[in-house]
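The values are calculated or read from the model by the stated rules, or taken from the named source; none is laboratory data. A quick note: this is a predicted structure, and the numbers were derived from the prediction, not measured. All Cβ positions, even for glycine, are placed from backbone atoms using ideal geometry, and neighbour counts span all protein chains on display.
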Amino acid sequence: MSPRRRTCGAILIAGLLPTAALAQTAFTWQQIKDKFEAANPTLKSAQLNIDESRAAEITAYLRPNPSFEFASDGTQITPYGAADSAGVKGIWRPFAGTQFLTAFSYLHERDHKRELRRGQAKESTAIAESSYSDLERGLVFSLQTAFAQTLQAKAVLQNAQENLAYWDRELGVFRTRFNAGDIAQVDLDRLESQRVQFESDFEVAMVNLRTSKIQLLMLINERTPIDRFGVSGPFDFSEELRPLEDFRKLALEARPDLKVAVQNVELARVTHQLAVANGSTDPTYSMWWTHNPAFVNPDGFNTLGASVTIDLRIFDRNQGEKARTQIDISRNERLRDAAEAQVFNDVDSAYWTLVQNVNLLKPYKAKYLPLATAIRDRVSFAYQNGGASLLDFLDAEKNYRDNRLAYLNLIGSYLAAAAQMNMAAGREVIL
(Lines give C-alpha, C1' and ligand atoms only; values in the text may rest on other atoms or scores of the structure.)
Protein backbone atom coordinates (compact mmCIF):
# COMPACT_ATOMS: atom_id res chain seq x y z
CA MET A 1 0.00 0.00 0.00
CA SER A 2 1.37 3.42 -0.91
CA PRO A 3 2.10 6.04 1.75
CA ARG A 4 -0.63 8.25 0.34
CA ARG A 5 -3.24 5.48 0.67
CA ARG A 6 -2.13 4.70 4.22
CA THR A 7 -2.48 8.35 5.09
CA CYS A 8 -5.94 8.58 3.61
CA GLY A 9 -7.00 5.39 5.39
CA ALA A 10 -5.82 6.66 8.74
CA ILE A 11 -7.53 9.99 8.22
CA LEU A 12 -10.72 8.16 7.34
CA ILE A 13 -10.49 6.01 10.49
CA ALA A 14 -9.78 9.04 12.65
CA GLY A 15 -12.72 10.80 11.09
CA LEU A 16 -15.06 7.94 11.73
CA LEU A 17 -14.14 7.60 15.42
CA PRO A 18 -16.13 10.63 16.57
CA THR A 19 -19.13 9.39 14.55
CA ALA A 20 -18.94 6.00 16.29
CA ALA A 21 -18.62 7.75 19.63
CA LEU A 22 -21.98 9.40 19.02
CA ALA A 23 -23.62 5.99 19.35
CA GLN A 24 -22.06 5.47 22.77
CA THR A 25 -23.83 5.99 26.06
CA ALA A 26 -21.46 8.01 28.21
CA PHE A 27 -21.90 7.53 31.95
CA THR A 28 -20.80 9.97 34.62
CA TRP A 29 -19.02 8.85 37.80
CA GLN A 30 -22.22 9.00 39.85
CA GLN A 31 -24.09 6.90 37.29
CA ILE A 32 -21.29 4.34 37.24
CA LYS A 33 -21.29 4.22 41.04
CA ASP A 34 -25.06 3.76 41.16
CA LYS A 35 -24.84 0.88 38.69
CA PHE A 36 -22.05 -0.66 40.75
CA GLU A 37 -24.00 -0.50 44.01
CA ALA A 38 -27.08 -1.99 42.35
CA ALA A 39 -25.45 -4.83 40.41
CA ASN A 40 -22.04 -5.80 41.79
CA PRO A 41 -22.33 -9.48 42.81
CA THR A 42 -19.61 -9.27 45.45
CA LEU A 43 -21.51 -6.53 47.28
CA LYS A 44 -24.78 -8.45 47.02
CA SER A 45 -23.10 -11.52 48.48
CA ALA A 46 -21.66 -9.51 51.37
CA GLN A 47 -25.09 -8.03 52.11
CA LEU A 48 -26.34 -11.54 52.85
CA ASN A 49 -23.78 -11.83 55.65
CA ILE A 50 -25.57 -8.98 57.44
CA ASP A 51 -28.93 -10.71 56.99
CA GLU A 52 -27.47 -13.93 58.40
CA SER A 53 -26.11 -12.08 61.41
CA ARG A 54 -29.50 -10.48 62.09
CA ALA A 55 -31.10 -13.92 61.96
CA ALA A 56 -28.53 -15.09 64.52
CA GLU A 57 -29.80 -12.38 66.89
CA ILE A 58 -33.15 -14.19 67.01
CA THR A 59 -31.46 -17.46 67.90
CA ALA A 60 -29.31 -15.84 70.57
CA TYR A 61 -32.32 -14.41 72.44
CA LEU A 62 -34.47 -17.55 72.44
CA ARG A 63 -35.53 -18.95 75.81
CA PRO A 64 -34.71 -22.56 76.73
CA ASN A 65 -37.51 -24.94 75.80
CA PRO A 66 -39.44 -26.55 78.67
CA SER A 67 -39.33 -30.34 78.93
CA PHE A 68 -42.35 -32.61 79.12
CA GLU A 69 -42.21 -36.15 80.45
CA PHE A 70 -44.89 -38.86 80.54
CA ALA A 71 -44.13 -42.14 82.36
CA SER A 72 -46.03 -45.28 83.22
CA ASP A 73 -45.03 -47.95 85.78
CA GLY A 74 -46.51 -50.91 87.72
CA THR A 75 -48.24 -52.75 84.87
CA GLN A 76 -48.46 -56.48 85.70
CA ILE A 77 -47.19 -58.75 82.91
CA THR A 78 -47.56 -62.19 84.58
CA PRO A 79 -50.12 -63.63 87.05
CA TYR A 80 -49.09 -63.91 90.71
CA GLY A 81 -49.95 -66.34 93.52
CA ALA A 82 -49.65 -70.13 93.82
CA ALA A 83 -51.24 -72.34 91.17
CA ASP A 84 -54.38 -74.35 92.13
CA SER A 85 -55.11 -78.00 91.29
CA ALA A 86 -56.09 -76.97 87.77
CA GLY A 87 -52.75 -75.19 87.28
CA VAL A 88 -54.21 -71.69 87.31
CA LYS A 89 -52.09 -69.07 89.09
CA GLY A 90 -53.87 -66.59 91.33
CA ILE A 91 -55.59 -63.41 90.03
CA TRP A 92 -54.20 -61.54 87.04
CA ARG A 93 -55.23 -57.88 86.85
CA PRO A 94 -52.40 -56.34 84.76
CA PHE A 95 -53.50 -52.65 84.99
CA ALA A 96 -54.73 -52.61 88.57
CA GLY A 97 -51.40 -51.30 89.85
CA THR A 98 -50.38 -49.17 86.85
CA GLN A 99 -49.03 -45.78 87.87
CA PHE A 100 -49.01 -42.76 85.56
CA LEU A 101 -46.62 -39.79 85.85
CA THR A 102 -46.69 -36.49 83.95
CA ALA A 103 -43.86 -34.01 84.55
CA PHE A 104 -42.76 -30.56 83.30
CA SER A 105 -39.32 -29.02 83.80
CA TYR A 106 -37.76 -25.69 82.82
CA LEU A 107 -34.20 -24.34 82.98
CA HIS A 108 -34.12 -20.78 84.32
CA GLU A 109 -31.12 -18.77 83.09
CA ARG A 110 -29.79 -16.28 85.60
CA ASP A 111 -27.50 -13.22 85.44
CA HIS A 112 -28.99 -11.92 82.15
CA LYS A 113 -27.45 -14.64 79.99
CA ARG A 114 -30.07 -14.20 77.25
CA GLU A 115 -29.60 -10.44 77.15
CA LEU A 116 -25.84 -10.84 76.97
CA ARG A 117 -26.12 -13.37 74.14
CA ARG A 118 -28.37 -10.96 72.27
CA GLY A 119 -25.91 -8.13 72.91
CA GLN A 120 -23.14 -10.33 71.59
CA ALA A 121 -25.15 -11.10 68.45
CA LYS A 122 -26.00 -7.40 67.94
CA GLU A 123 -22.32 -6.49 68.17
CA SER A 124 -21.59 -9.19 65.59
CA THR A 125 -24.23 -7.66 63.31
CA ALA A 126 -22.67 -4.21 63.72
CA ILE A 127 -19.28 -5.69 62.81
CA ALA A 128 -20.83 -7.37 59.75
CA GLU A 129 -22.27 -4.01 58.66
CA SER A 130 -18.95 -2.24 59.12
CA SER A 131 -17.14 -5.06 57.32
CA TYR A 132 -19.60 -4.64 54.45
CA SER A 133 -18.80 -0.91 54.35
CA ASP A 134 -15.09 -1.72 54.34
CA LEU A 135 -15.53 -4.15 51.46
CA GLU A 136 -17.53 -1.52 49.60
CA ARG A 137 -14.76 1.02 50.31
CA GLY A 138 -12.17 -1.24 48.67
CA LEU A 139 -14.37 -2.05 45.69
CA VAL A 140 -15.30 1.61 45.17
CA PHE A 141 -11.58 2.41 45.15
CA SER A 142 -11.09 -0.17 42.40
CA LEU A 143 -14.10 1.27 40.57
CA GLN A 144 -12.88 4.85 40.83
CA THR A 145 -9.39 3.82 39.73
CA ALA A 146 -10.84 2.00 36.71
CA PHE A 147 -13.01 5.04 35.92
CA ALA A 148 -9.99 7.34 36.12
CA GLN A 149 -7.97 4.99 33.93
CA THR A 150 -10.77 5.00 31.37
CA LEU A 151 -10.83 8.79 31.35
CA GLN A 152 -7.06 8.81 30.99
CA ALA A 153 -7.12 6.29 28.14
CA LYS A 154 -9.84 8.33 26.45
CA ALA A 155 -7.75 11.52 26.73
CA VAL A 156 -4.60 9.75 25.50
CA LEU A 157 -6.52 8.34 22.53
CA GLN A 158 -7.85 11.78 21.67
CA ASN A 159 -4.33 13.18 21.95
CA ALA A 160 -2.93 10.43 19.69
CA GLN A 161 -5.71 11.09 17.21
CA GLU A 162 -4.95 14.82 17.18
CA ASN A 163 -1.22 14.16 16.77
CA LEU A 164 -1.88 11.83 13.86
CA ALA A 165 -4.12 14.36 12.16
CA TYR A 166 -1.54 17.10 12.78
CA TRP A 167 1.26 15.03 11.29
CA ASP A 168 -0.86 14.19 8.23
CA ARG A 169 -1.41 17.91 7.67
CA GLU A 170 2.34 18.47 7.97
CA LEU A 171 3.01 15.65 5.51
CA GLY A 172 0.63 17.30 3.05
CA VAL A 173 2.68 20.48 3.24
CA PHE A 174 5.95 18.56 2.84
CA ARG A 175 4.68 16.65 -0.21
CA THR A 176 3.74 19.98 -1.79
CA ARG A 177 7.23 21.26 -1.10
CA PHE A 178 8.75 18.06 -2.50
CA ASN A 179 6.71 18.37 -5.68
CA ALA A 180 7.94 21.92 -5.96
CA GLY A 181 11.54 20.72 -5.53
CA ASP A 182 11.95 22.49 -2.20
CA ILE A 183 13.02 19.38 -0.23
CA ALA A 184 14.86 16.22 -1.14
CA GLN A 185 13.36 12.75 -1.51
CA VAL A 186 15.35 11.48 1.46
CA ASP A 187 13.90 14.18 3.72
CA LEU A 188 10.36 13.36 2.62
CA ASP A 189 11.01 9.65 3.22
CA ARG A 190 12.27 10.36 6.72
CA LEU A 191 9.17 12.41 7.42
CA GLU A 192 6.94 9.67 6.02
CA SER A 193 8.68 7.05 8.19
CA GLN A 194 7.96 9.10 11.31
CA ARG A 195 4.26 8.48 10.81
CA VAL A 196 4.56 4.92 12.08
CA GLN A 197 5.19 6.29 15.59
CA PHE A 198 1.93 8.24 15.46
CA GLU A 199 0.09 5.17 14.17
CA SER A 200 1.61 3.08 16.96
CA ASP A 201 0.57 5.61 19.60
CA PHE A 202 -2.94 5.59 18.19
CA GLU A 203 -3.28 1.78 18.23
CA VAL A 204 -1.81 1.44 21.74
CA ALA A 205 -4.18 4.12 23.03
CA MET A 206 -7.12 2.33 21.41
CA VAL A 207 -6.20 -0.98 23.09
CA ASN A 208 -5.70 0.72 26.47
CA LEU A 209 -9.12 2.36 26.25
CA ARG A 210 -10.80 -0.95 25.46
CA THR A 211 -8.96 -2.68 28.30
CA SER A 212 -10.03 0.02 30.77
CA LYS A 213 -13.64 -0.27 29.62
CA ILE A 214 -13.56 -4.05 30.08
CA GLN A 215 -12.36 -3.61 33.67
CA LEU A 216 -15.07 -1.07 34.38
CA LEU A 217 -17.80 -3.21 32.84
CA MET A 218 -16.71 -6.16 34.97
CA LEU A 219 -17.02 -4.13 38.19
CA ILE A 220 -20.53 -2.88 37.39
CA ASN A 221 -21.56 -6.33 36.10
CA GLU A 222 -22.59 -4.85 32.75
CA ARG A 223 -22.84 -6.69 29.42
CA THR A 224 -22.99 -3.64 27.17
CA PRO A 225 -20.75 -3.95 24.08
CA ILE A 226 -17.53 -2.00 24.46
CA ASP A 227 -18.21 0.21 21.45
CA ARG A 228 -21.51 1.34 22.96
CA PHE A 229 -20.12 2.03 26.41
CA GLY A 230 -18.37 5.23 27.35
CA VAL A 231 -17.60 7.49 30.30
CA SER A 232 -17.67 11.23 30.74
CA GLY A 233 -16.22 13.48 33.36
CA PRO A 234 -13.60 16.14 33.99
CA PHE A 235 -10.07 14.97 33.27
CA ASP A 236 -8.31 17.66 35.24
CA PHE A 237 -6.83 18.38 38.65
CA SER A 238 -7.51 20.75 41.53
CA GLU A 239 -4.68 22.99 42.58
CA GLU A 240 -6.04 23.47 46.10
CA LEU A 241 -5.87 20.77 48.78
CA ARG A 242 -7.24 20.70 52.31
CA PRO A 243 -4.79 20.58 55.21
CA LEU A 244 -3.56 17.12 56.16
CA GLU A 245 -5.25 17.29 59.57
CA ASP A 246 -8.67 17.64 57.91
CA PHE A 247 -8.16 14.39 56.02
CA ARG A 248 -6.98 12.65 59.18
CA LYS A 249 -10.03 13.78 61.12
CA LEU A 250 -12.39 12.67 58.36
CA ALA A 251 -10.69 9.27 58.20
CA LEU A 252 -10.95 8.70 61.95
CA GLU A 253 -14.68 9.41 61.74
CA ALA A 254 -15.48 7.41 58.61
CA ARG A 255 -13.03 4.53 58.15
CA PRO A 256 -15.11 1.33 58.44
CA ASP A 257 -12.11 -0.90 59.18
CA LEU A 258 -11.34 1.30 62.20
CA LYS A 259 -14.98 0.96 63.24
CA VAL A 260 -14.60 -2.80 62.99
CA ALA A 261 -11.59 -2.65 65.30
CA VAL A 262 -13.49 -0.55 67.84
CA GLN A 263 -16.53 -2.81 67.63
CA ASN A 264 -14.36 -5.88 68.14
CA VAL A 265 -13.28 -4.40 71.48
CA GLU A 266 -16.93 -3.96 72.48
CA LEU A 267 -17.72 -7.50 71.34
CA ALA A 268 -14.83 -8.84 73.43
CA ARG A 269 -16.17 -7.03 76.50
CA VAL A 270 -19.69 -8.41 76.03
CA THR A 271 -18.22 -11.88 75.48
CA HIS A 272 -16.30 -11.55 78.76
CA GLN A 273 -19.48 -10.52 80.59
CA LEU A 274 -21.23 -13.55 79.13
CA ALA A 275 -18.36 -15.80 80.26
CA VAL A 276 -18.76 -14.46 83.81
CA ALA A 277 -22.51 -15.01 83.66
CA ASN A 278 -22.01 -18.55 82.35
CA GLY A 279 -20.05 -19.27 85.51
CA SER A 280 -23.21 -18.89 87.59
CA THR A 281 -25.66 -21.70 88.38
CA ASP A 282 -28.93 -22.03 86.51
CA PRO A 283 -31.66 -23.89 88.45
CA THR A 284 -34.01 -26.32 86.76
CA TYR A 285 -37.58 -26.25 88.10
CA SER A 286 -39.69 -29.37 87.76
CA MET A 287 -43.33 -30.23 88.53
CA TRP A 288 -45.19 -33.50 88.07
CA TRP A 289 -48.61 -35.06 88.51
CA THR A 290 -49.41 -38.68 89.38
CA HIS A 291 -52.73 -40.51 89.24
CA ASN A 292 -52.09 -43.34 91.73
CA PRO A 293 -51.72 -42.68 95.46
CA ALA A 294 -48.34 -42.32 97.11
CA PHE A 295 -46.95 -44.98 99.43
CA VAL A 296 -47.21 -42.68 102.44
CA ASN A 297 -50.78 -41.65 101.55
CA PRO A 298 -52.80 -44.58 100.12
CA ASP A 299 -55.89 -42.36 99.75
CA GLY A 300 -54.08 -39.51 97.96
CA PHE A 301 -55.05 -39.85 94.31
CA ASN A 302 -54.06 -37.19 91.69
CA THR A 303 -51.05 -35.81 93.53
CA LEU A 304 -48.64 -33.03 92.55
CA GLY A 305 -44.89 -32.85 93.12
CA ALA A 306 -42.16 -30.27 92.53
CA SER A 307 -38.37 -30.04 92.67
CA VAL A 308 -35.49 -27.66 92.08
CA THR A 309 -32.20 -28.93 90.61
CA ILE A 310 -29.07 -26.84 91.09
CA ASP A 311 -25.61 -27.65 89.79
CA LEU A 312 -22.91 -27.37 92.43
CA ARG A 313 -20.24 -25.25 90.67
CA ILE A 314 -17.38 -26.54 92.79
CA PHE A 315 -14.84 -27.41 90.11
CA ASP A 316 -16.09 -25.85 86.90
CA ARG A 317 -16.91 -22.18 87.30
CA ASN A 318 -15.97 -21.32 83.71
CA GLN A 319 -12.59 -20.04 84.88
CA GLY A 320 -10.86 -20.73 81.56
CA GLU A 321 -13.33 -18.73 79.45
CA LYS A 322 -13.28 -15.87 81.94
CA ALA A 323 -9.50 -15.62 81.66
CA ARG A 324 -9.45 -16.10 77.88
CA THR A 325 -12.08 -13.45 77.19
CA GLN A 326 -10.33 -10.99 79.50
CA ILE A 327 -7.12 -11.46 77.52
CA ASP A 328 -9.08 -11.12 74.28
CA ILE A 329 -10.18 -7.63 75.35
CA SER A 330 -6.55 -6.52 75.64
CA ARG A 331 -5.70 -8.16 72.31
CA ASN A 332 -8.49 -6.33 70.48
CA GLU A 333 -7.48 -3.05 72.10
CA ARG A 334 -4.00 -3.47 70.65
CA LEU A 335 -5.51 -4.27 67.24
CA ARG A 336 -7.62 -1.12 67.50
CA ASP A 337 -4.47 0.93 68.10
CA ALA A 338 -2.83 -0.74 65.11
CA ALA A 339 -5.86 0.05 62.93
CA GLU A 340 -5.72 3.69 63.96
CA ALA A 341 -2.02 3.84 63.10
CA GLN A 342 -2.83 2.30 59.70
CA VAL A 343 -5.40 5.03 59.08
CA PHE A 344 -2.81 7.75 59.65
CA ASN A 345 -0.34 5.89 57.42
CA ASP A 346 -2.83 5.57 54.56
CA VAL A 347 -3.97 9.19 54.76
CA ASP A 348 -0.44 10.60 54.96
CA SER A 349 0.80 8.48 52.04
CA ALA A 350 -2.12 9.44 49.82
CA TYR A 351 -1.84 13.10 50.80
CA TRP A 352 1.82 13.49 49.92
CA THR A 353 1.29 11.61 46.66
CA LEU A 354 -1.39 14.17 45.81
CA VAL A 355 0.90 17.02 46.76
CA GLN A 356 3.65 15.66 44.53
CA ASN A 357 1.29 15.31 41.56
CA VAL A 358 -0.11 18.81 42.02
CA ASN A 359 3.41 20.26 42.30
CA LEU A 360 4.31 18.62 39.00
CA LEU A 361 1.08 19.46 37.21
CA LYS A 362 1.16 23.18 37.99
CA PRO A 363 4.34 23.97 36.00
CA TYR A 364 3.30 21.61 33.21
CA LYS A 365 0.01 23.41 32.77
CA ALA A 366 1.33 26.93 33.24
CA LYS A 367 4.71 26.69 31.47
CA TYR A 368 5.93 23.49 29.86
CA LEU A 369 2.91 22.62 27.71
CA PRO A 370 2.52 26.12 26.21
CA LEU A 371 6.30 26.25 25.75
CA ALA A 372 6.43 22.89 23.95
CA THR A 373 3.56 23.96 21.68
CA ALA A 374 5.24 27.26 20.88
CA ILE A 375 8.58 25.57 20.13
CA ARG A 376 6.94 23.03 17.82
CA ASP A 377 5.05 25.69 15.89
CA ARG A 378 8.10 27.98 15.57
CA VAL A 379 10.50 25.23 14.49
CA SER A 380 7.89 23.89 12.04
CA PHE A 381 7.53 27.35 10.53
CA ALA A 382 11.30 27.80 10.43
CA TYR A 383 11.83 24.41 8.77
CA GLN A 384 9.18 25.10 6.15
CA ASN A 385 11.00 28.31 5.34
CA GLY A 386 14.51 26.85 5.38
CA GLY A 387 15.50 28.29 8.74
CA ALA A 388 15.80 25.01 10.67
CA SER A 389 17.08 21.53 9.99
CA LEU A 390 14.95 18.41 9.68
CA LEU A 391 16.49 17.06 12.88
CA ASP A 392 15.48 20.22 14.76
CA PHE A 393 11.92 19.84 13.49
CA LEU A 394 11.70 16.17 14.50
CA ASP A 395 13.13 16.92 17.95
CA ALA A 396 10.61 19.72 18.49
CA GLU A 397 7.76 17.42 17.48
CA LYS A 398 8.99 14.64 19.77
CA ASN A 399 9.40 17.10 22.64
CA TYR A 400 5.80 18.26 22.21
CA ARG A 401 4.46 14.70 22.14
CA ASP A 402 6.47 13.71 25.20
CA ASN A 403 5.34 16.73 27.20
CA ARG A 404 1.71 16.34 26.23
CA LEU A 405 1.69 12.62 27.06
CA ALA A 406 3.52 13.21 30.34
CA TYR A 407 0.92 15.82 31.30
CA LEU A 408 -1.96 13.44 30.58
CA ASN A 409 -0.25 10.65 32.53
CA LEU A 410 0.30 13.02 35.45
CA ILE A 411 -3.40 13.87 35.52
CA GLY A 412 -4.11 10.15 35.49
CA SER A 413 -1.74 9.72 38.43
CA TYR A 414 -3.47 12.59 40.23
CA LEU A 415 -6.88 10.98 39.76
CA ALA A 416 -5.50 7.65 40.99
CA ALA A 417 -4.05 9.41 44.05
CA ALA A 418 -7.42 11.12 44.60
CA ALA A 419 -9.09 7.70 44.57
CA GLN A 420 -6.44 6.51 47.03
CA MET A 421 -7.21 9.45 49.31
CA ASN A 422 -10.94 8.72 49.13
CA MET A 423 -10.21 5.15 50.14
CA ALA A 424 -7.90 6.28 52.94
CA ALA A 425 -10.52 8.69 54.27
CA GLY A 426 -13.36 6.20 53.95
CA ARG A 427 -15.51 8.63 51.96
CA GLU A 428 -15.35 10.79 48.84
CA VAL A 429 -13.35 13.80 49.96
CA ILE A 430 -11.93 14.59 46.49
CA LEU A 431 -14.40 14.43 43.60
In the set ALA153, ALA160, ALA165, the lone residue that is part of a helix (DSSP H, G or I), touching a residue at least 40 places away in the same chain (Cβ under 8 Å) and within 28 Å of the chain's Cα centre (by Cα) is ALA153
Working only within region 195-205, note down all residues that are surrounded by 15 or more Cβ atoms within 10 Å (Cβ to Cβ) and among the polar types (S, T, N, Q).
GLN197
Under the condition of being without any contact (Cβ under 8 Å) to a residue 12 or more places away in the chain and farther than 28 Å from ARG427 by Cβ, which residue from region 356-370 is nearest to the chain's Cα centre (by Cα)?
PRO363
Can you spot a residue in region 124-145 that is over 30 Å from ALA416 (Cβ atoms), in contact with a Phe, Trp or Tyr (Cβ under 9 Å, 6 or more places away or on another chain), assigned to a helix (DSSP H, G or I) and touching a residue at least 24 places away in the same chain (Cβ under 8 Å)?
no
Count of region 183-215 residues which are within 43 Å of the chain's Cα centre (by Cα) and small (Gly, Ala, Ser):
3
From ARG313, ARG317, ARG334, grab the single residue that is part of a helix (DSSP H, G or I) and either surrounded by 14 or more Cβ atoms within 10 Å (Cβ to Cβ) or on the phi < 0 side of the Ramachandran plot (or both).
ARG334
Residue identified as under 30 Å from SER131 (Cβ atoms), surrounded by fewer than 11 Cβ atoms within 10 Å (Cβ to Cβ) and modelled with pLDDT of 90 or more among LEU62, LEU43:
LEU62
Note on region 203-248: residues under 20 Å from ASN159 (Cα atoms), small (Gly, Ala, Ser) and assigned to a loop (DSSP other than H, G, I, E, B) are SER232, GLY233
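Give the residues of region 343-355 that are surrounded by fewer than 17 Cβ atoms within 10 Å (Cβ to Cβ), touching a residue at least 24 places away in the same chain (Cβ under 8 Å) and of a type outside the set (Ser, Thr, Tyr), sorted by residue number.
Within region 343-355, the subset surrounded by fewer than 17 Cβ atoms within 10 Å (Cβ to Cβ) is 344-345, 348-349, 352, 355.
Next cut, touching a residue at least 24 places away in the same chain (Cβ under 8 Å) only: 344, 348-349, 355.
Once the filter is applied, which keeps residues that are surrounded by fewer than 17 Cβ atoms within 10 Å (Cβ to Cβ), touching a residue at least 24 places away in the same chain (Cβ under 8 Å) and of a type outside the set (Ser, Thr, Tyr), region 343-355 yields PHE344, ASP348, VAL355.
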The one condition in (1) under 40 Å from the mean Cα position of the chain (by Cα); (2) at pLDDT below 75 that ILE32 fails to fulfil:
(2)
Tally, over region 250-275, of residues that are over 25 Å from MET423 (Cα atoms) and in contact with a Lys or Arg (Cβ under 6 Å, 6 or more places away or on another chain):
1
Could you look through region 266-284, keep only residues that are in contact with a Leu (Cβ under 9 Å, 6 or more places away or on another chain) and not in a helix (DSSP H, G or I), and pick out the one that is surrounded by the fewest Cβ atoms within 10 Å (Cβ to Cβ)?
THR281
Quick one: how many residues across region 398-431 are over 21 Å from LYS154 (Cβ atoms), touching a residue at least 24 places away in the same chain (Cβ under 8 Å) and more than 37 Å from the chain's Cα centre (by Cα)?
1
Within region 131-172, of all residues that are among the hydroxyl-bearing types (Ser, Thr, Tyr) and in contact with a Lys or Arg (Cβ under 8 Å, 6 or more places away or on another chain), the one surrounded by the most Cβ atoms within 10 Å (Cβ to Cβ) is THR150
Cβ contacts < 9 Å: first residue within 15 Å of VAL231 (Cβ to Cβ), restricted to region 17-30; second residue outside any helix (DSSP H, G or I) and at pLDDT below 90, any location; separation 6+ or different chain. Result?
THR25/THR224; TRP29/LEU431
Can you tell me how many residues within region 366-402 are among the basic types (Lys, Arg) and more than 13 Å from GLN194 (Cβ to Cβ)?
3
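Evaluate the following for SER232: is it farther than 30 Å from SER45 by Cα, touching a residue at least 60 places away in the same chain (Cβ under 8 Å) and surrounded by 13 or more Cβ atoms within 10 Å (Cβ to Cβ)? Spell out how you get there, then give the answer.
On the way: farther than 30 Å from SER45 by Cα: no; touching a residue at least 60 places away in the same chain (Cβ under 8 Å): yes; surrounded by 13 or more Cβ atoms within 10 Å (Cβ to Cβ): yes.
In short, no.
Give region 94-109 a look and list any residue that's surrounded by 11 or more Cβ atoms within 10 Å (Cβ to Cβ) and either modelled with pLDDT under 90 or not aliphatic (A, V, I, L, M) (or both), or say none.
PRO94, GLY97, THR98, GLN99, PHE100, LEU101, THR102, PHE104, SER105, TYR106, HIS108, GLU109
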